[in-house]
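J.: Before I ask anything, let me first share the structure, which is written out below as structure tokens.
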Amino acid sequence: MKFPNAVRPLREMAGLNRSELARRAGITPQALGLIEQGKVSPSTHVALRLAKALGTTVESLFDPEQKAAHNPGAGSLRTERVALAEIAGVRVARSLEDSAQPVPSDGLRDERGCTDWMTTFDGSMARVFLSGCDPALSLLAAWVNRRCRACEAVHFLSTNEGAIAELELGQTHIASVHGTSDDVRSLANGKDWIILPLARSRMGWVVPRHNPKRWMVEAGFREARPRIVNRPCGAGARALVDEALRREGVSPDEIAGYDVEAKTHHEVVQAVAFGGADVGIAHEAAATPEVAFLPIREEITWLVVPRASAHHPGVQQVLDLLQSDRFRRDLAAFGPYDVAVTGARMSVQSKRRT
């Protein structure tokens, strides 16, 4: 756990399931799951609501001494690199463990929660955090960093569900999700979000070059019994795997490698290319000449921005790049990506709760 806490044991002691505690705290079950797993640190107001819902104090849930008590047997303290950004007026320190590219850290944090700050964050650098799994996000971040000396973009790897949860917890400026228009309409319901398409692309099966087992042509899971490499829970690719299994009436327990998770689309491709698996689902942009790519469906990668963050200088740089012909040409070549929709005002509209 990067952010150890006592939320899960206290929730279970209180006899609450994850959905009920999330409802009482005013967050999604996915966001609560990330907190319980120690993957994100909640904002102050979320921590207060969790403590109130569990009948305890914030200190009991997140105090460094309590963290140590829930991590018995730990050896030497582990140093964690963190980066600072301002999100909706709140200063956020985020672990760089999940950053997709090398980023100089602002401080080093140990397991006691103590941070040795190496920079002075005075707000002069408008850092913007991007969360998602599409490879295009790293290119987008690189373009921001090239184009504007006063801005810096950092791409954090996250699943579809994880990126939205990070957005709701105030851990990122922009969440990226890939899916259909109906998928993003469902996400937008009741939210004050700006949603723009980054690009259209394809998700598909990745198999060894020349497809020696004729996967998805002559045989599926039930007949071929392939070894699969999967993506984490909450990933769009994993949802597609589960959908394929349901169609064939095959249980995940029957599939070798179902619980073997790759952190990125590139890792899925590498596992298949080097013989670690027979098949996986990945983004077409991650495919290499060592594998064959068999399309499943066309999707759009969407950028989701809370309206409260729209005027952040780093967010503005990202939105401006979507209108740049140079960026779009580079993105199309980086893919393959269809950039005809990039930055367009789509028919997907967010609805405010009344």
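J.: Hey, rough spin-label estimate for Met13 and Thr79, points 7 angstrom out along Cα→Cβ, what's it come to in nanometres?
T.: Simple spin-label model gives 3.5 nm for this pair.
J.: Mind listing the long-range amide H neighbours of Asp106? Cut-off is under 5 Å, sequence gap 5 or more, other chains count too, H placed in the peptide plane at 1.01 Å from N.
T.: Residues meeting the criterion, in which the H sits 1.01 Å from N, are Val82, Ala83, Leu84.
J.: Same structure again: In nm, to one decimal, how far is the Glu254 label point from the Cys114 one, both placed 7 Å along Cα→Cβ?
T.: 5.6
J.: Using the heavy atoms of the protein chains and a 1.4 angstrom probe, tell me the accessible area per residue for the chain in square angstrom.
T.: On a per-residue basis, 48 Å².
J.: Which cysteines does the chain leave without a neighbouring Cys Cβ under 4.7 Å?
T.: Cys114, Cys133, Cys233
J.: Now a separate question. Return a whole-number percent for the relative contact order of the chain, with Cα pairs under 8 Å and 6 or more residues apart as the contact set.
T.: Value for the chain: 18 percent.
J.: State the extension gain, in nm to one decimal, for the chain segment bounded by Ala333 and Arg149, taking 0.36 nm per residue of separation less the distance between their alpha-carbons.
T.: 63.7 nm
J.: Mean separation of Cα pairs under 8 Å and 6+ residues apart, divided by the residue count of the stretch 77-202: what relative contact order is that in percent?
T.: Answer for the stretch 77-202 is 22 percent.
J.: Okay, moving on. Once you've got the GNM for the chain with C-alpha springs shorter than 10 Å, pick whichever of Ala224, Ala83, Ala239 has the biggest mean-square fluctuation.
T.: Maximum among the listed residues: Ala224.
J.: Now a separate question. Give the percent of DSSP beta bridges with both residues in the chain that are antiparallel, rounded to the nearest 5.
T.: Taking every DSSP beta bridge within the chain, about 75 percent pair in antiparallel fashion.
J.: What residues have an amide H closer than 5 Å to that of Val128, excluding those fewer than 5 places away on the same chain, when H is modeled at 1.01 Å from N in the peptide plane?
T.: Glu152, Ala153, Val154
J.: Count neighbours as other Cβ atoms within 10 Å of each site's Cβ, and list the chymotrypsin sites (Phe, Trp or Tyr not before Pro) in the stretch 212-289 that are DSSP loop with at most 12 such neighbours.
T.: Phe274
J.: Would you mind checking the stretch 285-302 for residues with the amide N under 17 Å from a putative spin-label position 7 Å along Cα→C-beta of Leu319?
T.: Residues 302 fall inside that zone.
J.: Accessible area of the chain with a 1.4 Å probe: how many percent of it is carbon plus sulfur?
T.: 49
J.: Continuing with this model, one more query. Would you kindly find the accessible area of His178, with a 1.4 Å probe and non-protein molecules such as ligands, DNA and RNA excluded, rounding to the nearest 10 Å²?
T.: Surface open to solvent at His178 totals about 20 Å².
J.: Still on this structure: Report the one residue of Thr57, Leu96, Val241 whose Cα lies farthest in the direction of the positive end of the charge dipole of the chain (charges on C-beta: Lys and Arg +1, Asp and Glu -1; origin at the Cα centre).
T.: Thr57
J.: Now a separate question. Just subtract the alpha-carbon distance of Arg307 and Val90 from 0.36 nm times their residue separation and send over the number in nm, one decimal.
T.: Fully extending the segment from Arg307 to Val90 adds 76.6 nm.
The values are calculated or read from the model by the stated rules, or taken from the named source; none is laboratory data. Just so you know, these numbers come straight off a predicted model, no measurement behind them. For neighbour counting, all protein chains shown are included, and Cβ atoms are generated from backbone atoms with ideal geometry for every residue, glycine included. Accessible surface areas use protein heavy atoms only, side chains included; no ligands, DNA or RNA. Shrake-Rupley method; radii C 1.70, N 1.55, O 1.52, S 1.80 Å.
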